[in-house]
Structures are given as C-alpha cells and as structure tokens.
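So the structure is just underneath, and the comments pick up after that.
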Amino acid sequence: MEYSINDIAKILLPDSSLRFSDVKISAILIDSRQLINPAETLFFAIEGDRNDGHTFIPSLIDLGVRNFVVRKVPDNYSGVACNFICVQNTLTALQKLAGTHRAKFNFPLIGITGSNGKTIVKEWIYQLLKEDKHIVRSPKSYNSQVGVPLSLWQITEEHELGIFEAGISKPNEMKNLEAIVKPSIGIFTNIGQAHAENFDSLEQKIEEKILLFENAEILIYCRDYAAIHEAIVKNEHFSNANIFSWSKKSKANLQIGRISKKLHETDIQGIYNNNFISITIPFIDDASIENAIHCWALLLYLKYDNALIANRIKHLAPVAMRLELKEGINDCSIINDSYNSDIGSLAIALDFLNQQKQYAKRTVVLSDILQTGKSESALYKEVADLIHQKGVTRIIGIGPSISKQFDVFKIEKYFFQTTQEFIQKFPLNTFYKETILLKGARAFGFEQISKMLQQKAHETVLEINLNALIHNLNFYKSKIQKGTKLMAMVKASSYGSGSFEIANTLQHNGVDYLAVAYADEGIELRKAGITLPLMVMNPEEQSYNAMIEYKLEPEIFSFRVLNLFEDAIKKYHFETGGSTSQHPVHIKLDTGMHRLGFEEKELNELIVRLKNNKSLVVKSVFSHLAASDDSRFDDFTRMQIKKLQELAAQIEKHFSYSFDKHILNSSGISRFPDAQFNMVRLGIGLYGIPQTDEEKKFLTNVSSLKTTISQIKTIAKGDSVGYGRSFIAEKEMKTATIPIGYADGLSRKLSNGVGRVYINHKPAPIVGRVCMDMTMVDVTDIAANEGDEVIIFDGKNSILELAQQMDTIPYEVLTSISARVKRIYFQE
C-alpha cells in the first residue's frame, strides 16, 4: 500500500488544506542513523527525555531527506525545498499514522504483553503458524511507544496474520497502543517487577497492561498469576466468553497436569475439552515451559488438532534474542545473527553492522528469507536496496531463492545453493580485516559458518551487553542539563570490556568525547574508525608525535609536560612540513586530589605560557574529585568544585575564547547536579557499577564472566585438592574443575572457600588454591554435569560481591580480566 506525502498530511491534519509537491513515502524514520532511502523517507522529529529529533533535521537534509513531521519548523533549511507537516505532538502523529494504516486491514492480529517472554512467544507462534499464513510481526522486541507504530507500518496486502508485542514503562501508555493495534487475540504472558518504579503497585501495572485487550475477542493467560486473574475477573470488559485460561493449579480451559523434565526435553500433559492431550517441547527451563504453554493454548483456541500441534511444537527452535560480536579469523570481526532471517531483523542487523567502524570492508552472508508473503523479485530488490544503502562491500547469498535474484545486487557477490556448498567451495582465507555479518534462517545451519570463522579461544568468556551499556548511558544523559557535554572513559580497554567495540557503541549513541589513559589506546581507536575527540590522560613523551598525527588531545598537568609537548609540536611541524594550526589540549588543575595537576600558585605562569603559545588551544580546564561517592566528604567535594570554578574563571578571562570546564565523575553526576559546568566525565557507572543508592536502582550490569565445567571428580574423605594440599576433604565430596585461574583474572585471594562461583543458580565454593589456568569448586550439593555453564559474576551474582571477597574494588576486578579471555559483545 502506497502513501504520498499529501495522503499522510490529510491523515495527520484532516482539517488542513495544506498541499505539497507529491512525493511517494515508503519509509518512516525516527533515528537519523538508520536512513536507507532518503527520497522516500518521512522523518518524525520525536521529542524525548534525552534527545530532540528536531536537532537532526539539518544533517538529514544534507543526506537528501525532504519530508518531515515536526512540532516546529526549523530556521536553518533555507534554500532547500522540503515538506514540513507541523503537528502538536510528533509521537502522537506517528501513532495516528500507524493506526490509520493498520485499520485498512481486517485479518486477525495477536497482541502480546507481559513482563517477560513476549518476544519468545511471538517468535514461537510465528514458527508454529508460518506454514499456514503469511505473517507480519514486530522485528525483535519493537514493543514501545515508537516501536509498535514502526512495526504496524510493515503491514502489506500480502499478510494474513499479525503478531505484535506491546510493552509499557509508565501509566497511560497502553491505551495509546491499544488504539492503534486493536488486537483481536490477546496473550498476557506474566507479570514481574520490570519498570515497577513507575507504578504505584503491581495491581496498577496489571490494570494498565490489560487495557491492550479491552476490545479483543479472546484473552489467553495463565490464571496461576493470581494478580492477573483477579484483575481480569474484576474488569467489566471480560467474561467467560472471551477468556481462555490455563493453569497448573486451578480449573481452567487448559488444565495442565504432569510436567516431566528429561535431559533435553519436557513432556507436558493437559486436559482440554475433557480430553487428555500432551506435547513435548525441546526445552527444560521453566520460562520455556511457560512460553510454550501459551503457544499451545493459542493453537487450541484456533482449533488446531492437538496431533498437529504436538508435531510442530516438538520442533520449536531457540529464539536468538541478540546480535553477537566476536573476534574472528584473520583480524576479522564476526556479527552472529544466524538463527532468523526476515526483512525487519535484517535492517536491525545491518544497522549494527554499520556501527562497526574498525574495518572499511563489510561482508554480509545472507540465506534465503523465508515466509514473507512477497514475491521473490520484490523481496530481494528491497534486500539489495538495504545492502547498498548500508555501505556493504560484499554479499554472499546462500539458498536457491536469493541465488536466482543475483542480478539485483550491484556489489561484489557470490551465491551458493546450500551452506555445505559454501563451506566446500569458498576459501575462508579470503576473509581478511573485515566485519562479517552472518544472517541466516535456522534451516540453513549458519552456526557451522560461525564456528569456522571465530577466533579459537578457551571456554572462559566475558560477555558484554551493549544494550545495558546504552541503558546506563541514557540514565546519565537524563541527569545532565541540556547542552552539557558528556565525556566517556574508555581507558584500560574500557575497564576491561574492550576497546573499539565499546567506543563504536558510544560514538553511535551520541557521546561528545572519549578519554583514554595512554596514546596507544587512542591510536587503536583512530585506526578502528573512531572520529570523536579523544583526550589522553597520561601522555608520554615518546608518543607525542603519534598523538599529533592521530589528532589526540593530551592532558597537560605540569610545566614539564607542557614544555615537552610544545617542543614536540615544533619538531613535528618542521619535519613534516605540516600546518601550524593549533593543537587542542586539556589543562588539569589540582584542587585537592594531589595526584596530578597545576597548583593555584602556578596559575599566573601557566596563563602566560598558554597565551604566548600560538600552537596550542585550550579545549577544557578540569580537575578530579577525590571522594564524590562518600557523603562524609561532601564539604571537601564542594570545596573542590568551588576551587575549579574560581581557577578556571581566572584562566578564561585572559583568553578571547571560552573552553569547557569539567570535574564530575559518575557518582558526581548523580550527587552534585549543580556542578556540571560544560561537561561531565562518565566512567565506572557506564559499565553498571553503582556508586550511590539511586544508581543501584537504575543501572544495569554490563559484563558477565562465564566459563564451563571441564571435569567432575569424586573426592574421598582425607584426600587433598590442589597445590600445597591446602584443602583436605572432611567427607566424600564432588568437585568440578573449571578452566579459569589467576592468569585470567580470578584472584588467588579467593582460594580455600573465600570465593565462590555459581552453577545452575547455586553457589559453589572454591576449594584449594586458585591455579594459574584452573580452579576447583565444591559441587557436592549441586546437580551439575561436565559442560555446564559456570557464572563468576553477572547481573544476578554481583561483581561487587566478588570484589568484597577479593578485598578490592570492582575497578580492579574488571581491569584484571586478561586479554586471553574471549570478549563477546551482544545487542538485543
């Protein structure tokens, strides 16, 4: 279904006679970084708590976008013919347009809400019904106030069924989504504490979520969630005629009987319409069992024969909830999204690929895209447009359908009928210094390709959740005043989390500055495509030339450093014949930390030196807080803040230009909002380590250190474990050996019961001494098997606890994790 800009203007402003030069609109955009087809794109300038879409309009005009929905028409677009639809609220306008589009279609639409499991249930319903219907569904977890309308915009005449998630984070949001989604079938998965801080009670949150289903023909839910059941019973919109419940405890439409977990699968028995029925699912965890029963209930309501349901449900595949970025062979980066392939998730994966700046070359390995309802020619023309717009340099297509459409791809290309043919015929050594996106439908088995392309490493991994990193960044952005810059600390390989991988994400998400400890870290980032301004906090004499060459900005904290850097600039310009343009520097003042920095008595000489040096320009004057996280020293912290303010003012009055001032670190941002000056520095808080009680409520863990069990042994009473026979078994016990030791960053201080790891959600104390490469733990009371996952720390098992056991701080724990521990980055 096609819309012109005038069609859309009439929808959004029905009483207006406004008319534009007619332009076809095929794409809606809210994020300027995801632009694909400028000529046919309509940009909605959404105003949020942290960003205002209006600020991106000039750059979008430069990129060729000419159609905008705005609250205010910008001043700086003269000379360019653009169409501006001016509305009172751009988010409301986006929802109105999506709702109007959705109303043109009469096929059944399934709406899903709940605290957990929405995306899994959606994807499993798709797997179960895709043979029968052309289905449109939310890409990934697009369930927000903007995600839902963007999902609805995908609906076309070819579709016969829709499956859409809807989530809320505060009151009064769901009624907006119900008005545009209007689901005919509802599924309420469960209820938990997510976003609970914005609701008065759990009951209020349930009442808000139920609003999605007020006009639905049927609502499917588990009545074992007593609060959900009570809310439905009390709601006048629901009666026995339009609810379908299932329960393990009470009378319900689908009564669940025995649940029998085996090694890799679960048998579930039930009673439906007075008949005994059963299914087997290929999962054993409780969350998957609950999600599968929701799907079972839906198919029973749709009158599918249980024999057919059982046959399909036993083949349910895990849902890849995340894109993984890993180190690959031949200095490549591998993005693994090899479990599903549809046009919506392809666009998301290509956007993630486009964030990666470390290599100029980008390759996409793509399988056939299955069950879209579109003709193959139209589908792969759309895919080719996406590929070309995102700057992909090479496409490798696998599957008979994509191979037939090879001519629509106008870049370097290779096509194979099957995954095995690709593995047999394509020389893997031709992958070199590039970023490779693997995007395949599960049937194509791309995990084989992933294993072959990954850099080999031992089983201990540090997983870094980029969504959590972005969440934490946005938390701090919400606390700083408009116009205040944000410098993110990526020193020490981003506190052990990685270098360019973290910097790419921060650059993509709008930080203003990055800071590293040493020049070589900054040079690595420059070579990886990071273009943000970079401050070097510990500039060393031997690195000055490289800093000038790579446009790195040194911290100047003493006259010795100033002298050396001045000499380096003169020598560099003389030897290279380069321009004598001013080089940016950052002046560090000592306001009480007494580590580095100019003292107050040196200020006059410093001012004279800086004014007389025409090759330097001061970008910022800053200082370092000594105890901003400790309320006992708040008077000292305020003294430091006041001193920086006074000293910086003394410096600035002698210059014809202004510069940034900054002193706040992570805890300072939370505790001293009046001292933000022009910029703040965000460090450990970005990585999910809270410094204040408020931060504990809102920050999300970023890093998880994991390994696996290598071997399980039975230890007799009186036998010793480990070096030095420091542990003697007091009774027969079981130990598990795990491949992590002090060479990986697991401190020897954790030996002999001081520390513990977690296996199958239970603590396993360390027995004996931590070895260089291995550690032994007590699993006597744990149902554990060789190969089981072992958690050192994650979101549930805090790094703060581990740091206490090690008698240190989280900074040391994170930065001690060695380079041989494989980093895996993922984004959901």
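The values are calculated or read from the model by the stated rules, or taken from the named source; none is laboratory data. Keep in mind it's a predicted model, so treat the numbers as computed, not measured. Backbone-built Cβ (ideal geometry, glycine too); neighbour counts: all protein chains shown. The accessibility values were calculated without ligands, DNA or RNA, using every heavy atom of the protein model including side chains. Shrake-Rupley method; radii C 1.70, N 1.55, O 1.52, S 1.80 Å.
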Quiz prompt | Which listed residue is over 24 Å from PRO533 (Cβ atoms) and among the small types (Gly, Ala, Ser), from ALA648, ALA626 | solution = ALA626
Exercise. Any chance you could count how many residues in the stretch 129-149 are among the hydrophobic types (A, V, I, L, M, F, W, C), over 9 Å from LEU161 (Cβ atoms) and surrounded by 21 or more Cβ atoms within 10 Å (Cβ to Cβ)?
Key: 1
Quiz item: Within the set of pairs 6+ apart or on separate chains, which have a first residue in the stretch 505-516 that is closer than 13 Å to LEU682 by Cα, a second that is modelled with pLDDT under 90, and C-beta atoms under 6 Å apart?
Solution: VAL516/LYS491
Quiz item: Which residue out of TYR414, TYR380, TYR359 is among the aromatic types (Phe, Trp, Tyr), part of a helix (DSSP H, G or I) and in contact (Cβ under 8 Å) with a residue 12 or more places away in the chain?
Solution: TYR380
Exercise. Please specify each residue of the stretch 107-156 satisfying the condition of being of a type outside the set (S, T, N, Q), within 18 Å of the chain's Cα centre (by Cα) and within 28 Å of TYR3 (Cα to Cα).
Key: PRO139, LYS140, TYR142, VAL146, GLY147
Quiz prompt | the stretch 597-622: number of residues that are touching a helix residue (DSSP H, G or I) at 6+ places or on another chain (Cβ under 6 Å), over 23 Å from ASN678 (Cβ atoms) and among the hydrophobic types (A, V, I, L, M, F, W, C) | solution = 0
Quiz item: From the residues in the stretch 534-545 that are surrounded by fewer than 18 Cβ atoms within 10 Å (Cβ to Cβ) and in contact with a Phe, Trp or Tyr (Cβ under 8 Å, 6 or more places away or on another chain), which one is nearest to MET489 (Cα to Cα)?
Solution: ASN538
Quiz item: Quick one: which strands (runs of 3 or more DSSP E) sit completely within the stretch 184-288 and have at least 3 residues that are farther than 22 Å from THR119 by Cα?
Solution: 254-261, 266-272, 275-281
Exercise. Test ARG671 against the criterion of being crowded, with 17+ Cβ neighbours inside 10 Å, basic (Lys, Arg) and over 27 Å from PHE826 (Cα atoms), and give yes or no.
Key: yes
Quiz item: Do we find a residue being part of a loop (DSSP other than H, G, I, E, B), in contact with a strand residue (DSSP E or B) (Cβ under 9 Å, 6 or more places away or on another chain) and closer than 16 Å to LEU453 by Cα anywhere in the stretch 336-346?
Solution: yes
Self-check item: Single unsatisfied condition, ASP385 versus (1) assigned to a loop (DSSP other than H, G, I, E, B); (2) open to solvent by 30 Å² or more (accessible area, probe 1.4 Å); (3) in contact (Cβ under 8 Å) with a residue 12 or more places away in the chain; (4) over 30 Å from LYS527 (Cβ atoms)
Solution: (1)
Quiz prompt | Restricting the stretch 314-337 to residues that are open to solvent by less than 40 Å² (accessible area, probe 1.4 Å) and closer than 17 Å to TYR126 by Cβ, the residue that is modelled with the lowest pLDDT | solution = ALA320
Quiz item: Identify, please: which residue in the stretch 150-166 is part of a loop (DSSP other than H, G, I, E, B) and open to solvent by 10 Å² or more (accessible area, probe 1.4 Å) and is, among those, nearest to GLY48 (Cα to Cα)?
Solution: TRP153
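Matching residues to (1) free of Cβ contacts under 8 Å to residues at least 24 places away in the same chain; (2) in contact with a helix residue (DSSP H, G or I) (Cβ under 6 Å, 6 or more places away or on another chain); (3) among the aliphatic types (A, V, I, L, M); (4) within 18 Å of LEU603 (Cβ to Cβ):
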{"position": "ASP629", "(1), (2), (3), (4)": "no, yes, no, no"}
{"position": "ALA649", "(1), (2), (3), (4)": "yes, no, yes, yes"}
{"position": "GLU652", "(1), (2), (3), (4)": "no, no, no, yes"}
{"position": "SER666", "(1), (2), (3), (4)": "no, yes, no, no"}
{"position": "VAL680", "(1), (2), (3), (4)": "no, yes, yes, no"}
{"position": "ILE684", "(1), (2), (3), (4)": "no, yes, yes, no"}
Quiz item: If you take just the strands (runs of 3 or more DSSP E) that sit entirely in the stretch 739-828, which of them hold at least 1 residues that are among the acidic types (Asp, Glu)?
Solution: 775-778, 789-793
Quiz item: Do we have any residue at all in the stretch 421-433 that's open to solvent by 40 Å² or more (accessible area, probe 1.4 Å), at pLDDT 90 or above and under 25 Å from ALA347 (Cβ atoms)?
Solution: no
Practice problem: Sort through ILE423, ILE395 and tell me the only one that's assigned to a strand (DSSP E or B) and free of Cβ contacts under 8 Å to residues at least 40 places away in the same chain. | Solution: ILE395
Practice problem: Kindly indicate the residue of the stretch 721-738 that is part of a strand (DSSP E or B) and open to solvent by 40 Å² or more (accessible area, probe 1.4 Å) and also farthest from LYS796 (Cα to Cα) among those meeting that condition. | Solution: ILE728
Quiz item: Which residue out of ILE256, ILE180 is open to solvent by less than 40 Å² (accessible area, probe 1.4 Å), in contact with a Leu (Cβ under 7 Å, 6 or more places away or on another chain) and of a type in the set (Val, Ile, Thr)?
Solution: ILE180
Quiz item: Looking only at the stretch 464-474, which residues are open to solvent by less than 20 Å² (accessible area, probe 1.4 Å) and over 14 Å from ASN504 (Cα atoms)?
Solution: ALA468, ASN472
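Listed here are the residues, each with its yes/no results for (1) of a type in the set (Val, Ile, Thr); (2) in a loop (DSSP other than H, G, I, E, B); (3) more than 26 Å from ILE817 (Cβ to Cβ); (4) at pLDDT 95 or above.
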position	(1), (2), (3), (4)
ASP629	no, yes, no, no
MET639	no, no, yes, yes
LYS643	no, no, yes, yes
LEU664	no, yes, yes, yes
GLU695	no, no, no, no
Exercise. Filter the stretch 398-410 down to the residues that are open to solvent by 40 Å² or more (accessible area, probe 1.4 Å) and touching a residue at least 24 places away in the same chain (Cβ under 8 Å), then identify the one that is nearest to the chain's Cα centre (by Cα).
Key: LYS410
Quiz item: Within the stretch 686-713, restricting attention to residues that are of a type in the set (D, E, K, R) and open to solvent by 20 Å² or more (accessible area, probe 1.4 Å), which residue is farthest from LEU506 (Cα to Cα)?
Solution: LYS713
